[in-house]
Amino acid sequence: QVQLVESGGGLVQAGGSLRLSCAASGRSFSTYGMAWFRQGPGKEREFVAVISWIGGTYYADSVKGRFTISRDNAKNTVYLQMQSLKPEDTAVYYCAADPRTTMDARRYDYWGQGTQVTVFS
């Protein structure tokens, strides 16, 4: 079992930055792929970024160059640094864990509760 708790969401003006954190408990965090997804109002949940257990990363085109995913295995934490935020980034952001590294939300068994990010113009 893996438990995930996100933090760091909030209200930010367009062009600003936020850093989300996802603290994991349970075994085998360092061997899990970790991902961020988001769900905006009236939208489907969508992939944002993923990082493999050895640090390989992949991003959605909509956030590439603005968001950075990273992990600290010693702290059992994954981060999402978000810069140049846009109103369309407004969403609930979720972290997810799986032994595989995938962009497919259906494959993730472990999810956090989500943290709200609101970007105003």
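For this structure, a couple of remarks:
- Candidate lysines for bridging to Lys86, where Cα separation is under 18 Å - those fewer than 8 sequence places away on the same chain excluded: Lys43, Lys64
- Beta-bridge orientation, the chain: approximately 90 percent antiparallel, per DSSP, counting only bridges with both partners inside.
- Amide hydrogen neighbours beyond the local backbone of Leu85, cut-off 5 Å, H modeled: Gly15, Gly16
- For region 80-94, backbone phi angles converted through the Karplus equation (6.51, -1.76, 1.60; θ = phi - 60°) give residue-by-residue couplings of 9, 8, 10, 10, 6, 5, 10, x, 6, 7, 4, 4, 8, 9, 10 Hz, Gly and Pro being listed as x.
- In the full protein context, region 52-98 carries 46 Å² of accessible surface per residue, based on a 1.4 Å probe and ignoring ligands, DNA and RNA.
The values are calculated or read from the model by the stated rules, or taken from the named source; none is laboratory data. Keep in mind that this is a model prediction, so the values were computed, not measured. Calculation scope for accessible area: heavy atoms of the full protein, side chains included, ligands and nucleic acids excluded. Shrake-Rupley method; radii C 1.70, N 1.55, O 1.52, S 1.80 Å.
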